[in-house]
1. Suppose the filter is assigned to a helix (DSSP H, G or I) and more than 21 Å from MET143 (Cβ to Cβ); does GLY255 pass it?
2. Quick one: what pairs do we get from segment 272-293, first residue touching a residue at least 40 places away in the same chain (Cβ under 8 Å) and part of a helix (DSSP H, G or I), second surrounded by fewer than 15 Cβ atoms within 10 Å (Cβ to Cβ) and not basic (Lys, Arg), C-beta under 7 Å, 6+ apart or different chains?
3. Being at pLDDT 90 or above and assigned to a helix (DSSP H, G or I) is the filter here, so list the residues in segment 117-154 that pass it.
4. For the structure I just gave you, tell me whether TYR218 is surrounded by fewer than 22 Cβ atoms within 10 Å (Cβ to Cβ), of a type in the set (Ser, Thr, Tyr), in contact (Cβ under 8 Å) with a residue 60 or more places away in the chain and farther than 26 Å from GLY63 by Cβ.
5. Mind listing whichever residues of segment 35-56 are hydrophobic (A, V, I, L, M, F, W, C) and either in contact with a His (Cβ under 6 Å, 6 or more places away or on another chain) or touching a residue at least 24 places away in the same chain (Cβ under 8 Å) (or both)?
6. How many residues are more than 22 Å from LEU203 (Cα to Cα), within 33 Å of the chain's Cα centre (by Cα) and of a type in the set (A, V, I, L, M, F, W, C) if we restrict to segment 70-104?
7. In segment 346-360, which residues are closer than 18 Å to ALA446 by Cα and surrounded by 17 or more Cβ atoms within 10 Å (Cβ to Cβ)?
8. Looking at (1) more than 49 Å from the chain's Cα centre (by Cα); (2) touching a residue at least 60 places away in the same chain (Cβ under 8 Å), find the lone condition where ARG331 falls short.
Amino acid sequence: MPSVLLLLLFITGVIVLVAVTANRSPAPCAERFAQRHRLALTPEGAAAVAGYLATTRRHQARGALAGGALWLLWHLQEGRIDVDVTAMLAGWLVGGAVAEFALGRPARQFPAEPGLLPRWLPAVPACLTGLAVAVTPLYLVAMPETAGAASAARWGVLAVLAAGLVALVLRHLARREVLPGAPLDVDRATRLHAAASVASVGLLVSSQCLVRPLPHLYEGLEAVTLTAVRGTSVAWLVGSFVLAYAVWSAAASGGRARIPAVIGAGLVVASVLWIGAGVLRDRPPYGPTDVVATAHLRLATAETFAAEAAAFGVPWANGAVIAGQQPFLGRVEVTAPSGAPRDSWYYVVVIDTRTDTAVQIWAENGAGWNGFLDRLPDRYPWLSAVRSRPSAHVLGHGDVLSVDGRPGAPGPILFHGTVADPSRLKRSDLLVALIFTGPEQQIYWAVQVPITMS
């Protein structure tokens, strides 16, 4: 039902837009155009402005409708109904370009008049192209999966094409012959108006294309970096509209590029600093190769468990013997460099490799499982045993339990547990994993710990 409603709204919008475009009187539009550009229109000038606006807006409206319709039809093939603003803006841009090329051919003598367009305007498509060339390879490096990389490449190419179209239109506007019957001041105003419109909309289209691949990055990012990338995405979605308006205002008046330059540079620098700070905060203070970790497991029986637990240093392990299962005691010793962030943690998981399941273990303060650790199997396939599975014993998660310890805390990480099918249990059947996490749910790394058993 929501999809059908969206389709009906789109069709209604198309009908309304066509009706408004067809019945719109050119006179009020020409008056507003004259006020915006501070023109004293003669009858000839008013007629030239009205004709110019009618032609450009007709092509722009048709282009926007075509862009939205093509996007809609493309997704209808996939069984989805989707209306996309960027597609409509791209259609508007193409329609506006067609209108400008149709309005006049390049003048034989170039330039027709010095200073027709602000000198800084060609820098807009150049900067957009440079941004696309810089960002797209970063996407390709950060997206190992084929689907995300292909999507990033497509959007990068579209961003470059949009910037290239803007550059072509600006070049044509600087060389175009004077509009028939238009005074020079009116002709220059139409050039400024067209250049401002094309540059601002092209900026929107190109920047939106560069933002589109960001969701493909989310799954592979850590906590702070993920927040930074999401925030940057929102900042560009909003900031590109602000920047486009600044470009339009400066270009339409023939002014300088100070405000657009400040906004554009601010967006780029803020994005780089924000994401860079997130990447730095998600970097582990030390790697697994800097850590020496060992695990010792001691098997016990129901009769000797209490004595073994006291001797092993876990006298609090009461009632841990389950009929038909092998009880054991565990100790993981970690020697690591200093400098771990405050509120970082080590987590220990024991896995029965015979069944690829997590073994139930408990520490003195109990055991548990943090949801952000569900990302582990995606990064470390050998930890597939901790993947979330439906269970009647643990609400919202399978029977995966871990024990934890603070980096730098004195003493080893102690625990006890039970493992099924004790008759055929060998040391190689058990795997002990040490997981290092950060204060903001970063998963720094996970390693397999060598085991000794007694």
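1. Answer is no for this residue.
2. ASP290/PRO337
3. ALA123, VAL124, PRO125, ALA126, CYS127, LEU128, THR129, GLY130, LEU131, ALA132, VAL133, ALA134
4. no
5. Passing the criteria: LEU39, LEU41, ALA47, ALA48, VAL49, ALA50, LEU53, ALA54.
6. Residues that pass the stated criteria total 5.
7. If the condition is that a residue be closer than 18 Å to ALA446 by Cα and surrounded by 17 or more Cβ atoms within 10 Å (Cβ to Cβ), then TYR346, TYR347, VAL348, VAL349, VAL350, ILE351, ASP352, THR357, ALA358, VAL359 are the ones that fit.
8. Result: ARG331 fails condition (1) only.
The values are calculated or read from the model by the stated rules, or taken from the named source; none is laboratory data. Everything numeric here is computed off the predicted structure, so don't read it as measured data. FYI the Cβ positions are ideal-geometry reconstructions off the backbone, even for glycines, and counts take in every protein chain you see.
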